């Protein structure tokens, strides 16, 4: 199992940053849910997920990433079937049917679907790297994405669907999307967004409307949550109030503080300096993933690394953007830090694939 030649390309800087962020996330979850008996078990559960996730990371790193090419179609079909099961027998929570209960564990297939889609698109774009970049080339890649996104939209899960389309567009662009198609797709996104608004779920419409025209007197809902997040961030000042001493967090004025608004909790307890350091570490992880794309021996490996880099970048930007009220509220978590077992496992699998791209370089 230990091959010195193989492990010398292992990115220990990336691994160390990911482990630090994950452990810091467990500490923040513990602080965020302090005194809440109903959520007391989340810390232990997240720690278990981290242990399993590290095992997944190492195994994925040891397996040559090129082997996944042989299973791309199978993984794609299984993912679609898994998502179909969710629509039939999934657990409903907060008005959405996204989870499948397996014993004491809730599995969210949409998280794994992100990694599967990156693998499938990487296979498609690498195989067609030297072919003409025409409408057919774009359309086939869109159909691949739509096969997964449609079922995620039906859950409904708009934020994950947007993330998958962002990954698709980024990989399409880096594969050589002609400028004329870039402009057409950009215009299409604007038109589709306007046309689709009346068909969104009521809570999704409210998120957008409350962002455009917030009610300062609201005592609950999205506007209230974001206002409390801004108060929490401002309450931290430069150096913060100290771990476990954030009044907005500990007195529970800040809602969903262990998932969507954990960034605000960090800001209150560790201040502006603390958030800058955490964001810098997340940027460092993204840069190391881009580095793997640059060092990859083939297009397939480069596309995997680039796709995963965009996944982490988009989730980070959206989560922080929601906390700072620069974009409407979504359900995107802060990578490696927010609570979520399925999210953490999929991220660890993605990091394992990045390590595999580096470890299995060919001269």
Tell me which residues, restricted to segment 302-332, are under 9 Å from the mean Cα position of the chain (by Cα) and at pLDDT below 90. 332
Can you say whether residue 257 is in contact (Cβ under 8 Å) with a residue 60 or more places away in the chain and over 22 Å from residue 33 (Cα atoms), as far as the supplied structure shows? no
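Confirm whether residue 348 is closer than 24 Å to residue 124 by Cβ and out of contact with any strand residue (DSSP E or B) (no Cβ under 9 Å at 6 or more places or on another chain). Lay out the reasoning, then the answer.
On the way: closer than 24 Å to residue 124 by Cβ: no; out of contact with any strand residue (DSSP E or B) (no Cβ under 9 Å at 6 or more places or on another chain): yes.
When the stated conditions are applied, residue 348 does not pass them.
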Has segment 28-47 got any residue that is modelled with pLDDT of 90 or more, in contact with a helix residue (DSSP H, G or I) (Cβ under 8 Å, 6 or more places away or on another chain), surrounded by fewer than 20 Cβ atoms within 10 Å (Cβ to Cβ) and under 25 Å from residue 289 (Cα atoms)? yes
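Enumerate the helices (runs of 4 or more DSSP H) found wholly within segment 213-325, keeping only those where 3 or more residues are in contact with a helix residue (DSSP H, G or I) (Cβ under 9 Å, 6 or more places away or on another chain) and crowded, with 20+ Cβ neighbours inside 10 Å. Please lay out each step first, then the result.
On the way: elements: 221-236, 247-250, 262-295, 299-323.
In segment 213-325, the matching helices (runs of 4 or more DSSP H) lie at 221-236, 262-295, 299-323.
Considering 223, 232, which residue is at pLDDT 85 or above and within 30 Å of residue 269 (Cβ to Cβ)?
232
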Residue within segment 172-188 that is touching a helix residue (DSSP H, G or I) at 6+ places or on another chain (Cβ under 8 Å), within 20 Å of residue 346 (Cα to Cα) and buried (at least 20 other Cβ atoms within 10 Å of the Cβ) present: no
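The values are calculated or read from the model by the stated rules, or taken from the named source; none is laboratory data. Here the structure is a predicted model, which means the values were calculated and not measured. All Cβ positions, even for glycine, are placed from backbone atoms using ideal geometry, and neighbour counts span all protein chains on display.
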